[in-house]
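Visitor: I am attaching a structure below and will ask some questions about it afterwards.
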Amino acid sequence: MLIIKTCTHKTLEYLPARRTALRTSLVVVATVGLVLSALASARAFTAEQVSKGREIFRLQCARCHGPSGEGIRDIYRGMTAPPLIGPTAFPVDPRAYQKMRHFQFHTVQDIYEFASAVMPADQPASLTAEDYWDVISYLLNANGMAVNGQPLDQESAMRMSLAKLQARAEQPGAVAHLLPAPLGNTPELEGQVVPEGQASTGDQGNTDK
């Protein structure tokens, strides 16, 4: 009887401790799951959005920003279309020459708020919300962000920081990496000078960049 009583006492002491440890483990697992979920949603867009966005960019954006998103100066009513792809894309502060942007870019939501209100410059706010999200997805992907299968929308865009992309502009030679102007557009690229009536050497005979 004494042995049975001793074992029962130890078991009763052990069970609450085991339950506490189990609850703690479940809390840790749940917390890790939430963190991973948040990180995944912080880089959310799909391959389908990128594909659709590439075509919309070609039809609606390339005429001002260049077929490769390199940016063109004096492209429309004296305005410069800045680079959307490359190390100087999406800076925190508006560039000195920008006449339409008046606030900082910190998240992808900021890009959407701007683009959906004033782009395309010759037909402001003419696209659907889905079109704008698709184009932004394409641009993020072209700037090195990978798809993760979760649709880009307002909720996920608010959590997507642009800090990593913006840090590229601090690297030496960032502006020099801009692509040359397409043939037929004599205006200067940001950070480069293309003489009037001339195109960059690499553009001769190439109109389908």
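Visitor: Looking only at the stretch 60-75, count how many residues are surrounded by fewer than 21 Cβ atoms within 10 Å (Cβ to Cβ) and either touching an Asp or Glu at 6+ places or on another chain (Cβ under 6 Å) or at pLDDT 90 or above (or both).
Guide: 6
Yes/no per residue for (1) under 16 Å from Phe45 (Cβ atoms); (2) in contact (Cβ under 8 Å) with a residue 40 or more places away in the chain; (3) touching a Leu at 6+ places or on another chain (Cβ under 8 Å):
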{"residue": "Phe103", "(1), (2), (3)": "no, no, no"}
{"residue": "Asp122", "(1), (2), (3)": "no, yes, no"}
{"residue": "Leu127", "(1), (2), (3)": "no, yes, no"}
{"residue": "Trp133", "(1), (2), (3)": "yes, yes, yes"}
{"residue": "Ala146", "(1), (2), (3)": "yes, yes, no"}
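Visitor: Let me ask something additional. Exactly one of (1) farther than 16 Å from Pro151 by Cβ; (2) under 19 Å from the mean Cα position of the chain (by Cα); (3) not in a loop (DSSP other than H, G, I, E, B) is unmet by Thr80. Its number?
Guide: Evaluating Thr80 over (1) farther than 16 Å from Pro151 by Cβ; (2) under 19 Å from the mean Cα position of the chain (by Cα); (3) not in a loop (DSSP other than H, G, I, E, B) leaves (2) as the failure.
Visitor: A further question follows. Which number in (1) among the charged types (D, E, K, R); (2) within 30 Å of Pro172 (Cβ to Cβ); (3) touching a Ser or Thr at 6+ places or on another chain (Cβ under 9 Å) marks the one condition that Glu70 misses?
Guide: (3)
Visitor: Is it the case that some residue within the stretch 58-65 is under 17 Å from the mean Cα position of the chain (by Cα) and assigned by TED's automatic domain parsing to the domain that holds Pro172?
Guide: First pass over the stretch 58-65, keeping only residues under 17 Å from the mean Cα position of the chain (by Cα): 61, 65.
Next, only the ones that are assigned by TED's automatic domain parsing to the domain that holds Pro172 stay: 61, 65.
Taking every residue of the stretch 58-65 in turn, at least one turns out to be under 17 Å from the mean Cα position of the chain (by Cα) and assigned by TED's automatic domain parsing to the domain that holds Pro172.
Visitor: Starting from the stretch 76-96, keep only residues that are of a type in the set (D, E, K, R), then list their pairs with residues that are modelled with pLDDT of 90 or more whose Cβ atoms are within a distance under 7 Å, requiring at least 6 positions of separation or different chains.
Guide: Listed pairs, sorted by first residue: Asp93/Gln104; Arg95/Pro82.
Visitor: Looking at Ile85, Ile111, Ile75, Ile136, can you tell me which residue is assigned by TED's automatic domain parsing to the domain that holds Leu165 and in contact with a strand residue (DSSP E or B) (Cβ under 6 Å, 6 or more places away or on another chain)?
Guide: Residue meeting the stated conditions: Ile75.
Visitor: For Ile56, are the conditions met, namely being part of a loop (DSSP other than H, G, I, E, B), under 23 Å from Ser156 (Cα atoms) and at pLDDT 95 or above?
Guide: So Ile56 does not fit the description; no.
The values are calculated or read from the model by the stated rules, or taken from the named source; none is laboratory data. Not measured: the values here are computed from a predicted model. Cβ coordinates were reconstructed from backbone atoms using ideal geometry, including for glycine residues, and neighbour counts include every protein chain displayed.
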